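Just so you know, all these numbers are worked out from the coordinates, no wet-lab data involved. In this text the structure is predicted, and so the values were computed from the model without any measurement. A quick note on method: Cβ atoms are made from the backbone with ideal geometry, for glycine too, and the neighbour counts reach across all protein chains shown.
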Amino acid sequence: MATQATPPTTAFAAPAAALPAELTHRQARQALNALQAQLRSSSNAGAATSGWVVDASALQVFDSSALAVLLECRRSALAAQQPFAVRGLPSALAGLAALYGVAELLPAAA
């Protein structure tokens with residue numbers, strides 16, 4: 001029986017930028033732009049040492065584009081020298097991340 005890798009949990013005090021309820025290829029660019037703007041503004045507002053947190057708990061309809069958006073946010077966080085974590089990742093999306101071998105790149109926020 002195969003086991004799924006669970007990403008490590010990371011504690012963050014920063015407010016989370018939230019994903020929408022639906023995130024498919026159609027919404028990906030707009031969602032990414034909105035998330036990056038939220039994350040950058042929270043960093044500029046003094047939460048710079050707290051890191052970037054994306055809240056995915058609202059996701060109900062998604063495809064692999066949701067992973068692409070999260071991974072691009074992670075790249076942006078790393079470029080800004082900020083830690084990155086995801087809060088409330090739906091189990092189906094976590095399974096997709098494990099299938100693609102990227103689960104460890106999306107640590108869970110406490």
Residues meeting the amide H criterion for A109 (H placed from the backbone, H to H distance under 5 Å, 5 or more places apart or on another chain) are T10, V86, R87, G88
So, with points 7 Å from each Cα along the Cβ direction, the A110-A79 label distance in nm works out to 3.0
Whole-number percent relative contact order across region 53-110, with pairs defined as alpha carbons under 8 Å at least 6 apart: 45
Binned at 5 Å from zero, the C-alpha pair distances of region 22-110 give percents of 3, 14, 27, 27, 18, 8, 2, 0
